[in-house]
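Worksheet: the structure to be examined is printed underneath.
The values are calculated or read from the model by the stated rules, or taken from the named source; none is laboratory data. The structure presented is a predicted model; accordingly, all values stated were derived computationally and were not measured. Reconstructed Cβ throughout: ideal geometry from the backbone, glycine too, with neighbour counts over all protein chains shown.
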Amino acid sequence: MRRDLPPFASLRSFEAAARHLSFRGAGEELHVTQSAISHQVKALEEHLGVQLFLRGTRGIVLTDEGAVYLDEISVVLDQLAAATDHVRDKDVSGPLFVRSTPAFAARWLVPRLTAFQAAHPRIELHISTSLEPADFAGDRVDVDIRFGQPELAGLRVDPFLSSARFPVANPRLLNGRRSLPSPNDLRHFTLLHNEVEDGWQQWLECAGVTNFDSTLGPRFEHCNLTLRAAWRDRE
């Protein structure tokens with residue numbers, strides 16, 4: 001059966017651009033020009049007959065169709081990468097001890113276990129979670145997945161995912177007594193914090209907000225708790 005598949009170069013360009021939300025960032029990752037990424041994405045949009053990005057003076061944003069397509073092809077690309085690794089490393093076997101934060105394990109690692117086991121059936125995977133970095137000298141850990149982990153002496157650090165940070169809030173706040181027309185108006189609300197890599201101070205500085213003590217407010221060990229707290233019905 002003949003498959004109607006888009007060019008693989010276009011898929012790689014789109015996936016990289018969607019992760020970076022930047023044609024330039026995708027070009028740097030794939031070692032091609034920003035223009036080449038733009039042309040590849042345009043060719044993919046023409047092949048699909050849908051617009052994948054909204055292009056503006058401040059950058060690019062995924063359309064609804066683009067976000068759905070990214071989710072679906074990311075699974076396929078992960079499986080393709082795993083299958084490739086399986087062919088290359090078919091003799092790899094034994095236990096592999098992986099540690100990460102609870103949120104990352106639940107939201108990223110666990111949904112990919114089936115593909116990993118299919119690609120590496122002889123690897124016995126052990127997953128544990130902790131908010132504290134692993135002590136490789138004392139803990140039984142082979143790989144520790146952390147957000148924003150700096151270079152550490154004696155350890156190999158491989159960045160493999162990037163993410164964007166932005167404030168979220170209960171939509172009811174927008175219809176409440178106060179509104180949020182600008183980042184500076186966040187000072188009128190209670191900020192909720194994650195124990196792991198809380199990003200309020202950095203985000204506020206990037207948004208140009210000064211003289212604001214962003215350390216105040218409740219702190220939560222798990223991001224699911226933070227999101228549930230943000231979704232409460234009252235201000």
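Worth pointing out:
- Against the conditions (1) modelled with pLDDT of 75 or more; (2) loosely packed, with under 14 Cβ neighbours inside 10 Å; (3) out of contact with any helix residue (DSSP H, G or I) (no Cβ under 8 Å at 6 or more places or on another chain), V168 satisfies every one except (3).
- Selection count where residues are of a type in the set (F, W, Y), in contact (Cβ under 8 Å) with a residue 24 or more places away in the chain and touching a Leu at 6+ places or on another chain (Cβ under 9 Å), scope the stretch 182-233: 3
- Hey, S74 under 11 Å from A18 (Cα atoms) and within 16 Å of the chain's Cα centre (by Cα) or not: yes
- Filter pass, A43 being under 23 Å from the mean Cα position of the chain (by Cα), modelled with pLDDT of 85 or more and part of a helix (DSSP H, G or I): no
- Extreme residue, modelled with the highest pLDDT, among residues of the stretch 99-109 that are surrounded by fewer than 16 Cβ atoms within 10 Å (Cβ to Cβ) and closer than 17 Å to F160 by Cα: W108
- Here is the figure for the stretch 195-235: residues that are surrounded by 17 or more Cβ atoms within 10 Å (Cβ to Cβ), outside any helix (DSSP H, G or I), touching a Ser or Thr at 6+ places or on another chain (Cβ under 8 Å) and at pLDDT 80 or above total 1.
Here's the yes/no breakdown for (1) surrounded by 15 or more Cβ atoms within 10 Å (Cβ to Cβ); (2) of a type in the set (D, E); (3) at positive phi:
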residue: E15; (1), (2), (3): yes, yes, no
residue: V75; (1), (2), (3): no, no, no
residue: Q79; (1), (2), (3): yes, no, no
residue: A83; (1), (2), (3): no, no, no
residue: V92; (1), (2), (3): no, no, no
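- Test result for D64, under 30 Å from N194 (Cβ atoms) and not assigned by TED's automatic domain parsing to the domain that holds L225: yes
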